[in-house]
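Visitor: Structure incoming, see below.
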Amino acid sequence: MVNASSMFGGGGNSAAPVYSATEFFASGSFTVPTGVTRIFCAVLGGGGAGGGRVDVSEGQAGGGGGGGYAHGAYDVTPGTVLTVTVGAGGVGVSKNPGGAGGTTSIAGLPSALSATGGAGGLGNNASNAGAAGGVGSGGDVQYTGGRGGATVINRKVATGGGAAATFMGDGGHGGDALAATDNEATGGGSPAGGDAPDDSQTAGVLEEVALDTVVSVFPGIMGTIPSAIAGSTSHHSYGEGSNGANAGASASAGGNFGGGGGDYEDTSAGDGGPGGYGGGGGGGMRNSSSGSGTGGNGGGGYALIAFKYDAPTTGL
């Protein structure tokens, strides 16, 4: 749990607005402070892990789906204890489908708020439409995580994971492997609909998002920028997916909220890239009768509780 607070306001004995944002990267609890009667809450499910495959003839290692997202503002009573459950990311297993991401929820609110995790990617000899992304439920806004990259039968490929859904919108999907080409690895999806291109190692592209735009998503509630969504103006800090890799190169992790890239290898372990927060892991494929082909782990979920209230100050 990470707490980031800041105080802004005028001088004299006037009331100064106090802003607080508490982030949860693991399960925990939150007690509504004295004087606080309205809070903003957001939840992100865990990402699904990529599938793993080892095969000399054919085989698809699909990327995992990104976690779902929901947020809303709630009237609360001071002293209320909220229980925060943060969904874990799915775990990649060599030569097997990836594990699903867990559900993130906040219990004790006037109405339910939750987001399911993304499904795990497949590791098999069948075509697949891509592991499904998680969905948000409750609150004022709900978005869906990006699906993992799709595959077609009789190909040796590893696809990228889907991006997490965020306050910016649905997650982009991992790159699809649809061409009649073996030895292919595709990139991971990026948030806000940044779909990775088909039949390419290139990740999806996330447009620049200004910090003042981030704050405006939470009007009247949030005066600080949580660390998970703060960063420089670079795409990666906001969550772009990672590129796919093959021929001995490694698939890197997705940026915050991005999907991991797929990894196809002939002579070394095929290890898909892990997802960022809530991002799906990339598929891992090795063209061999032995060795390791392991999907990247899905990124863990995330929760946020933020509030603003007026407190007296004795400043000049």
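Visitor: Provide the FRET efficiency to the nearest 0.05 for the Ala112-Asp266 pair, computing r from the beta carbons and using R0 = 45 Å.
Guide: On the way: r = 48 Å, r/R0 = 1.08.
For R0 = 45 Å, the calculated efficiency reads 0.40.
Visitor: Now, a different point. Suppose accessible area is computed on protein heavy atoms with a 1.4 Å probe; arrange Lys308, Lys156, Lys95 from highest to lowest.
Guide: Numbers: Lys308 80, Lys156 25, Lys95 105 Å².
Largest accessible area first, the list is Lys95, Lys308, Lys156.
Visitor: How much FRET efficiency would the formula 1/(1 + (r/R0)^6) give for Thr83 and Ser292, where r is the Cβ-Cβ distance and R0 is 41 Å, rounded to 0.05?
Guide: It comes to 0.60.
Visitor: What's the carbon and sulfur percent of the stretch 94-157's accessible surface, probe 1.4 angstrom, rounded to a whole number?
Guide: Values: 1300 of 2500 Å².
The nonpolar share, carbon plus sulfur, comes to 52 percent.
Visitor: To continue, here is another question. Work out, step by step, the length gained on full extension between Arg38 and Ser127: first 0.36 nm times the residue separation, then minus their alpha carbon distance; give nm to one decimal.
Guide: On the way: separation 89, 0.36 × 89 = 32.04 nm, distance 4.81 nm.
27.2 nm is the gain from fully extending Arg38 to Ser127.
Visitor: What order do you get for 278-284, 110-116 when each peptide is scored by the mean count of other beta carbon atoms within 10 Å, highest first? Walk me through the numbers before you get to the answer.
Guide: Values: 278-284: 49.0, 110-116: 20.4.
Final packing ranking: 278-284, 110-116.
Visitor: Of the listed peptides 68-75, 30-37, 188-195, 158-165, what is their order by residue-averaged count of other C-beta atoms within 10 Å, with the highest listed first? The partial results should precede the final answer.
Guide: Details: 68-75: 23.8, 30-37: 14.4, 188-195: 33.0, 158-165: 46.8.
Answer by packing, highest mean first, reads 158-165, 188-195, 68-75, 30-37.
The values are calculated or read from the model by the stated rules, or taken from the named source; none is laboratory data. On a predicted model such as this, the values are computed, not experimentally measured, just so you know. For neighbour counting, all protein chains shown are included, and Cβ atoms are generated from backbone atoms with ideal geometry for every residue, glycine included. Quick note on the areas: whole protein, heavy atoms, side chains included, nothing else; ligands and nucleic acids left out. Shrake-Rupley method; radii C 1.70, N 1.55, O 1.52, S 1.80 Å.
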